[in-house]
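Presented below is the structure to which this report refers.
Read-outs: derived from the displayed coordinates by stated rules, not from any lab. All figures in this text were calculated on a predicted structure; none of them were measured in a lab. Cβ placement follows ideal geometry from the backbone for every residue including glycine, while neighbour counts extend to all protein chains displayed.
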Amino acid sequence: MRGRALIIVAAALSACEGPLEVFEGEHVVVRAEPGFDLCGGTMAHMDEFVARLAAEMQQAPPTGDERIEFRWYPGEHWALLPCRRSAFGCARGDEVFSVLMPHNHELVHALASERSRRALPFFAEGLAEGYQGLHWQADGLTELPLGQAKRVQDELGGGPAELGLASVGFVRLLVQQHGMAKFLALYSLLSRRSSVTDVDEALRTVLGVSLDESIAAFEALPADCIRPQLDPKLLECSAPALEWDDSRLAVFRMLDCSQDDAVGPYDGDHLQVLHTLTVREPGTFELRAIAERPDEAVSLNAVVMTPCSGCGGGPPIRVLARERARADLAAGRYSLRWMGPAAVPTTLGFLLERVDASEPGGP
Ligand SMILES: [Zn+2]
């Protein structure tokens, strides 16, 4: 039964503010608080995210009347939504409520609700946190290494607010070792009432391994692995590729919320544009981000380069506007994201240049 919460919210809002803004996508319908608009590439971004995640989860993406209903209330009406006040969003079944746009974490919950609406929080949050993609803020990169994750057993019994990196690492491990189909069978079987003993029994039945064996495998993962490496980066690593000669890339571009490839405005202030880049020969590179104007807006301008490989692939490299960095890059594909403010257009240049590692350099 869907829609009861939505009807209550819509009635409360329309009584005081007039009609909601409606944005229709193939897999998502956004109903927004009046006066708010999506950046030009946001609906395509959400549709593609849902399609790719549904394929990963071996289920059909929702279409027509089954599309995910996304209530976006970034303004004063947030209190009308059925989420915890301190949260940025929540999902109730296949309905999403959020102050952020887009909010891929909640889209994961909405899709997973097809498997269970009462999933064990450890698995529900591990799946959502583990597949939501890279953080949309350049400075949202401080990540604990997996070695500092709390013990799985402690977290299995915790509520969503307490769950962290251990749930992400454990879910990704189960998916990688046993496949998504078996993980989702486990997901459907366990509920928020399940005990640690129930989890052990379900693991033995569905996967043929005990909880202790799975925890031992989890603890054997590289201790320095961080969330951006665990995440499959479904969109970030399938974004349009930039062509280059493997030696020097120089791109200047406008970042404007109305552009077709701009995704945002997230919390109202941020947008990002997604690309990929392949390094064919490993080497040392200098990275520079070049801002056009020395004003306030450029403080949000940055370029972030993240290896598409998993654990052991190196951390994201962030270059803020007017900064430079030097990095040793392995061969392989990278996610290259351009970040800027959503409220005003900016121009951001990015220069990536192969250098002689023996020459002095650095910031
Ligand atoms: Zn969540």
field: Most mobile listed residue (133, 314, 35) in the chain, GNM with C-alpha springs under 10 Å
entry: 35
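Let a ≥ b ≥ c be the square roots of the eigenvalues of the Cα gyration tensor of the range 305-348; is it rounded (a/c under 1.5), or, if not, prolate (a/b larger than b/c) or oblate? Working shown, then result.
Working: a/c = 3.16, a/b = 1.97, b/c = 1.60.
Taking the square roots of the gyration eigenvalues as a ≥ b ≥ c, the range 305-348 is prolate.
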- line: Between the residues 339, 241, 190, the Cα farthest towards the positive end of the dipole of the chain, that dipole coming from +1 and -1 charges on the beta-carbon of Lys, Arg, Asp and Glu, is from 190
- prompt: Which of the peptides 339-345, 219-225, 143-149 is most tightly packed, and how do the rest follow, judged by the mean count of other Cβ atoms within 10 Å per residue?
  reply: 339-345, 143-149, 219-225
query: Considering only the range 4-114, what is the antiparallel percent among its DSSP beta bridges, to the nearest 5?
result: 45 percent
- line: Under the 7 Å Cα-to-Cβ spin-label approximation, residue 58 and residue 216 lie apart by a distance in nanometres of 2.7 nm
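With +1 assigned to the C-beta of every Lys and Arg and -1 to the C-beta of every Asp and Glu, and no other charges, what is the dipole magnitude of the range 146-230 about the Cα centre in debye, to the nearest 20?
Here the range 146-230 has a charge dipole of around 280 debye.
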Cβ-placed point charges (K, R +1; D, E -1), dipole of the range 248-355 about Cα centre in debye, nearest 20: 480 debye
- line: When the charge dipole of the chain is computed with +1 on Lys and Arg Cβ and -1 on Asp and Glu Cβ about the Cα centre, the Cα farthest towards its positive end, among 309, 205, 349, belongs to 205
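With charges set only on the Cβ (+1 for Lys and Arg, -1 for Asp and Glu), what does the dipole of the chain come to about its Cα centre, in debye to the nearest 20?
Details: 33 positive and 51 negative charges, 139 e Å.
Here the chain has a charge dipole of around 660 debye.
For the chain, what does the relative contact order come out to in percent, with C-alpha contacts under 8 Å and a separation of six or more?
On the way: 771 pairs, mean separation 59.6, N = 363.
Once normalised by length, the contact order is 16 percent.
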message: Spelling out what I want: for every residue of the range 200-215, take phi, set θ = phi - 60°, compute 6.51 cos²θ - 1.76 cosθ + 1.60 (Karplus), and round to whole Hz; glycine and proline get x.
response: 4, 4, 5, 4, 5, 5, 8, 9, x, 10, 8, 5, 4, 5, 5, 5
- request: Please build a GNM for the chain, connecting alpha carbons under 10 Å apart, and tell me which residue among 30, 263, 175 fluctuates the most.
  value: 175
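With a sphere of radius 12 Å drawn around the Cβ of residue 106, what net charge do the other residues whose Cβ falls strictly inside it have (Lys, Arg +1; Asp, Glu -1)? Could you put the intermediate results ahead of the total?
Details: positive: 71, 92; negative: 69, 94, 95, 125, 129.
Once positives and negatives cancel, what remains is -3.
Apply the a/c threshold of 1.5 to the C-alpha gyration tensor of the range 75-232 and tell me whether it is rounded, prolate or oblate.
Details: a/c = 1.96, a/b = 1.34, b/c = 1.46.
Cα axes put the range 75-232 in the oblate bin.
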message: Given a Förster distance of 22 Å, report the FRET efficiency between residue 86 and residue 137 from their Cβ-Cβ distance, rounded to the nearest 0.05.
response: 0.75
message: Projecting each Cα onto the charge dipole of the chain (Lys/Arg +1, Asp/Glu -1 at the beta carbon, about the Cα centre), which of 75, 93, 108 comes out farthest on the positive side?
response: 93
- request: Could you tell me which of rounded, prolate or oblate describes the chain, using a ≥ b ≥ c as the square roots of the eigenvalues of the alpha-carbon gyration tensor, with rounded for a/c under 1.5 and, failing that, prolate when a/b is larger than b/c and oblate otherwise?
  value: oblate
query: Which residue fluctuates the most in the chain, going by a Gaussian network model with Cα springs under 10 Å, if the choices are 215, 68, 290?
result: 215
